[in-house]
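Novice: Let me begin by handing over the structure; questions about it come next.
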Amino acid sequence: MTAPISPATAAALPEQTVRTLDKAERGERLNAAEIESLYSLPLPEVAGVANALRLMRRDPDTVTFLIDRNINYTNVCNVGCNFCAFYRTKRQKDSYTLDYQEISAKIVELEEVGGTRILLQGGVNPELGLDYYTGLLRHVKANHPTIRIDAFSPEEVLFMEKNFGMDLDTLLDTLIDAGLDGLPGAGGEILEDDVRARAAPARIRSEDWFRIIDAAQRKGLYTIATMVIGFGETFAQRTSHLLKIREQQDKATRDYGGNGFSGFAMWTLQTEHTRLHGKAPGATAHEYLQQLSVARIALDNFVNIQASWPAQGFKVAQAALYYGANDLGSTMLEENVVSAAGGGGRHKATVRELVRIAVDAGFTPAIRNSRFEIIAWPDVQAELGRHASNPEEARAVGAAG
Ligand code: SF4
């Protein structure tokens, strides 16, 4: 591996800083103070180490993505997060709850483009009974047997526990029996309760988020770790968030046969049409890439780190592939939550678009499942009119993607 720090640069950095970057590049674990110090370093130095680690931890030539669909089964929610422009009260005219046939129609569209997974999440809708959730899972499994169901954030699970008076183990067993394959790690944001209390007073607290994720991992369910920056949180709070996730990953690796988080997804807060608009700073592309690099270095027990195109757009997501990310997330087909509050102006991606991002950045694109296992290699020639190994060839043919 090429040392990312030139002798001239190293000479200009404090000795302790150089030691921290060297330590990280050797793959050694950084402590809280060392991680926090990364935020004060020049981004190219941090990114160089993050990219070197990414190349070591996952096939250096390959960038993966998933063909899936987000389905938000209801936008009725009684949590009322200040950063959310997606939710409605049940009295609002544009509130909705999808029936099973409407959800099936969306899955058929996913099947037509070769998709393998739905990400099924919604608001906390007090009108829905347990039967709606279990019936929905059974309906999807019966009618779409090749589709994997990753569903319900810890917030929704917490609601079900309370509303249906079930203990967590019984609830998860009931959902798994009905067809649940995974529990997305949405709602992580910053897992520090004073940040959460300001952004969303009724939001699930960090202790419950980890309690539910831990039980899901113990039961063999898929999970990913998430992070959102831009609430005005401090670097110490971001560091603490990363350390808590790293600790949970250690626990799952040790106690649950390695069934920890399959990956890490991080994006920037979007505030348009929300009560936080003008009150929370959000985060620039630079801050996003900095945070991504720090996460790659801090999370030494993670293989897969996603780039975020819904919040940052395709161009920054492409750059992120050199700041520690090895994955482009998924096609989504309809992203409703981040895009309702602004974002990169995108709520879906085509296979062709994600192939083009990967190829033009110099990688070979691969289609994965939600466990990050490669299941297919897209035909780059068919998608773009050129080969993965020669991205400059016939650029005009693929230039419209
Ligand atoms: S983020 Fe989720 S829990 Fe919060 S208001 Fe929006 S839909 Fe409800």
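The values are calculated or read from the model by the stated rules, or taken from the named source; none is laboratory data. Since we're looking at a predicted model, the values are computed, not measured. Using ideal geometry, Cβ is built from the backbone for each residue, glycine included, and neighbour counts are taken over all protein chains shown.
Novice: Go through the range 228-248 and give me each residue that's buried (at least 23 other Cβ atoms within 10 Å of the Cβ) and among the hydrophobic types (A, V, I, L, M, F, W, C).
Specialist: VAL228, ILE229, PHE231, LEU242, ILE245
Novice: Look at ILE305 and say whether it is aliphatic (A, V, I, L, M) and touching a strand residue (DSSP E or B) at 6+ places or on another chain (Cβ under 6 Å).
Specialist: So ILE305 fits the description; yes.
Novice: Only residues that are under 24 Å from PHE261 (Cα atoms) and polar (S, T, N, Q): list them for the range 105-133, please.
Specialist: THR116, GLN121
Novice: Return a yes/no flag: does the range 249-270 have any residue that is more than 25 Å from ASN369 (Cα to Cα), within 17 Å of the chain's Cα centre (by Cα) and either crowded, with 23+ Cβ neighbours inside 10 Å or touching a residue at least 60 places away in the same chain (Cβ under 8 Å) (or both).
Specialist: Yes, that holds for at least one residue.
Novice: Just to verify a result, which residue in the range 38-64, among those that are touching a Ser or Thr at 6+ places or on another chain (Cβ under 6 Å) and assigned to a helix (DSSP H, G or I), is farthest from GLN306 (Cα to Cα)?
Specialist: VAL46
Novice: When residues of the range 262-281 are filtered for being assigned to a loop (DSSP other than H, G, I, E, B) and within 30 Å of ARG57 (Cα to Cα), how many remain?
Specialist: 3
Novice: Taking the conditions exactly as written (buried (at least 19 other Cβ atoms within 10 Å of the Cβ), part of a strand (DSSP E or B) and touching a residue at least 24 places away in the same chain (Cβ under 8 Å)), does ARG69 satisfy them or not?
Specialist: Taking the combined requirement at face value, the residue satisfies it.
Novice: Also, I was wondering about something else. Can you tell which of ASP94, ASP150 is without any contact (Cβ under 8 Å) to a residue 24 or more places away in the chain and either more than 16 Å from the ligand (Cβ to nearest atom) or not β-branched (Val, Ile, Thr) (or both)?
Specialist: Residue meeting the stated conditions: ASP94.
Novice: Right, another one. Among the residues of the range 284-295, which ones are surrounded by fewer than 22 Cβ atoms within 10 Å (Cβ to Cβ) and either small (Gly, Ala, Ser) or within 21 Å of VAL79 (Cα to Cα) (or both)?
Specialist: ALA285
Novice: Considering (1) closer than 18 Å to ASN259 by Cβ; (2) touching a Gly at 6+ places or on another chain (Cβ under 8 Å); (3) within 16 Å of the ligand (Cβ to nearest atom); (4) of a type in the set (A, V, I, L, M), say which one VAL157 fails and leave the rest.
Specialist: (2)
Novice: Return the residue satisfying two criteria in turn: it lies in the range 106-147 and is within 16 Å of the ligand (Cβ to nearest atom) and within 22 Å of VAL351 (Cβ to Cβ), and of such residues it is surrounded by the fewest Cβ atoms within 10 Å (Cβ to Cβ).
Specialist: Among those residues, the one meeting the criterion is LEU119.
Novice: Take ALA85 and tell me if it is more than 16 Å from the ligand (Cβ to nearest atom) and touching a helix residue (DSSP H, G or I) at 6+ places or on another chain (Cβ under 6 Å).
Specialist: In short, no.
Novice: Quick one: how many residues across the range 205-240 are of a type in the set (Val, Ile, Thr) and more than 16 Å from the chain's Cα centre (by Cα)?
Specialist: Looking only at that region, the number is 3.
Novice: So which of ALA202, ALA216, ALA186 ends up being farther than 25 Å from ASN31 by Cα, in a helix (DSSP H, G or I) and touching a residue at least 12 places away in the same chain (Cβ under 8 Å)?
Specialist: ALA216
Novice: How about the range 177-218: which of its residues are away from the ligand (no atom under 16 Å from the Cβ) and either over 19 Å from ALA252 (Cα atoms) or in contact with a Cys (Cβ under 8 Å, 6 or more places away or on another chain) (or both)?
Specialist: Correct list: ASP177, ALA178, GLY179, LEU180, GLU192, ASP194.
Novice: Residue under question is ARG211, and the condition is that it be in a helix (DSSP H, G or I) and within 22 Å of ILE149 (Cα to Cα); does it hold?
Specialist: Yes, satisfied.
Novice: Right, another one. I'd like the residue in the range 329-343 that is modelled with pLDDT under 90 and in contact with a Lys or Arg (Cβ under 9 Å, 6 or more places away or on another chain) and, out of all such residues, is nearest to ILE224 (Cα to Cα).
Specialist: Filtering first and then ranking leaves MET332.
Novice: Can you pull out the residues in the range 155-169 that are within 15 Å of ASN78 (Cα to Cα) and either of a type in the set (Ser, Thr, Tyr) or out of contact with any strand residue (DSSP E or B) (no Cβ under 8 Å at 6 or more places or on another chain) (or both)?
Specialist: GLU155, VAL157, LEU158, PHE159, MET160, LYS162, ASN163
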